[in-house]
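Each reported figure results from applying straightforward, stated rules to the coordinates on display, with no laboratory input. What you see is a predicted model; the values in this text were computed from it and never measured. Don't worry about glycine lacking a Cβ; one is built from the backbone with ideal geometry, like all the others, and counts go over all protein chains shown.
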Amino acid sequence: MVKLNKFPIGIFDSGVGGTSIWKEINALLPLENTIYLSDSKNAPYGDKSKHAIINLAIKNTEFLLKQNCKIIVVACNTATTNAIKVLRENYDVPFIGIEPAIKPAALQTKTNTIGILATEGTLNSELFEKTSSSINQKIIRKEIIGKGLVELIEKGKLYSDEMTKLLSSYIKPLIKADVDCLVLGCTHYPYLIPQIRKLVGDRMQIIDSGEAVAKQTKAILKKHQLINNTKENSTHQFYINKDRKVLQMLISNTNNKVEIIEESF
Ligand code: DGL
C-alpha cells in the first residue's frame, strides 16, 4: 500500500493572505511537505456570489488533489464559510477550514462588545450566522466589512497611506463602541496587525484563528495516521496565478527553502 505520510498538505486561499496560516502550520509541523495555492487572479472572493466561491473552491481543491495532497486546508474564511460543506460532500480527503474566532472573543470580552472585521462573503454566510447564534446573545457584535483591504494587501500596499485611511475608517467605530476584542475574520488581515495596533493602542485584544487551524491540522493528521515523521528536509511549493512579488515578500522571513511557481490555473 502507498504510504501517504510524505504526501504534502495542500493549502489554498483567494490570494497571498493564507500564507499567514501556512506559517502557523509550518511552525507546528516543520517536517510536513506543503503545497500552497494562491488564487490571486480571482481575489477578492469576498464580494463574489456563493455559487462563484464554491466553483473557485472546487477548482483549487482539484488542483491540489492532482498534486497528491493528503489533506486540504482551506486557508480562507470566505471559502470555508461558503464552500467547505460542498467540498466535504464531494471529496474523500480531510478538509480543515477557518472561520472567525468569535467564540474565544465572546469568552474573553469584558465590555461585552466584540468587533469582527471580515469580508462581506464571510459575514453574510450561513455558517457565520450559525456560529454567531451559538454564542452568548447578550454580547454585542459589531461587524465590519473590510472592503478594499484584501485588494491593497494583494498589491503589497500594506503600509500605504491608503491602507491607514481605510483601516482607521473601519476601526474608529469599533473604538467608539467600546469593543475590547477584535476578531480578524480574514486570513489576509494578520498582516495588518501592526497597523491596527497603532490605531487601537492596548484597548483591544486582536484575535485570529491561525494557531488554532494549525493545531486542528495536526490533530486531524494524527487521527488519520498521516503525520510525516521522516527526517528529510521538507519541501514547500507555492503556486500563484499572478505576479510573485507580494507573495515572495510575505514569505521572505521563512527559514525554509521554498519554490514559487507562477502558473495560470
Ligand atoms: N483570505 C480570504 C479570507 O480569509 C480573503 C477573502 C477574499 O478574497 O475576499 O476571507
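Points to keep in mind about this one:
- The stretch 1-143 - percent relative contact order, Cα under 8 Å, separation 6 or more: 24 percent
- Scaled to the globular estimate 2.2 N^0.38 Å, the Cα spread of the stretch 34-168, given as radius of gyration, is 1.14.
- GLU143 long-range amide H proximity, modeled H, under 5 Å: ILE116
- Cα gyration tensor shape for the stretch 108-265, rounded if a/c is under 1.5, else prolate or oblate: oblate
- Annotation: amide H of CYS69 has no partner in the under-5 Å range at sequence separation 5 or more or interchain, hydrogens built in the peptide plane.
- Cα point-scatterer Debye curve for the stretch 3-100, base-10 log of I(q)/I(0) at q = 0.10, 0.20, 0.21, 0.25 Å⁻¹: -0.23, -0.93, -1.03, -1.43
- Dipole in debye (nearest 20) - the chain, about Cα centre, beta carbon charges: Lys, Arg +1; Asp, Glu -1: 440 debye
- For the chain, the Kirkwood radius over C-alpha pairs fed into Stokes-Einstein at 10 °C and 1.306 mPa s yields D = 85 µm² per second.
- Per-residue 3J(HN,Hα) values for the stretch 27-39, derived from phi via the Karplus relation 6.51 cos²θ - 1.76 cosθ + 1.60 with θ = phi - 60°, read 5, 7, 10, x, 8, 7, 7, 9, 10, 10, 10, 10, 8 Hz in sequence order (x marks Gly and Pro).
- Beyond 16 Å, the tail of the calculated P(r) for the stretch 186-265 holds 71 percent of the Cα pairs.
- Here VAL246, VAL86, VAL150, VAL74 are placed in order of increasing Cβ neighbour count within 10 Å, fewest first, which gives VAL86, VAL246, VAL150, VAL74.
- Sequence of PHE265, PHE238, PHE7, PHE12 once ranked by neighbouring C-beta atoms within 10 Å, starting from the fewest: PHE265, PHE7, PHE238, PHE12
- Net charge of neighbours whose Cβ lies under 15 Å from the Cβ of LEU107, counting Lys and Arg as +1 and Asp and Glu as -1: +3
- Candidate lysines - alpha carbon under 24 Å from LYS242, same-chain residues fewer than 8 apart omitted: LYS23, LYS41, LYS48, LYS50, LYS59, LYS66, LYS147, LYS155, LYS157, LYS257
- MET204, MET249 arranged by Cβ crowding within 10 Å, fewest neighbours leading: MET249, MET204
- Candidates LEU29, LEU184, LEU107: whichever shows maximal mean-square fluctuation once the chain is modelled as a Gaussian network with Cα springs under 10 Å: LEU107
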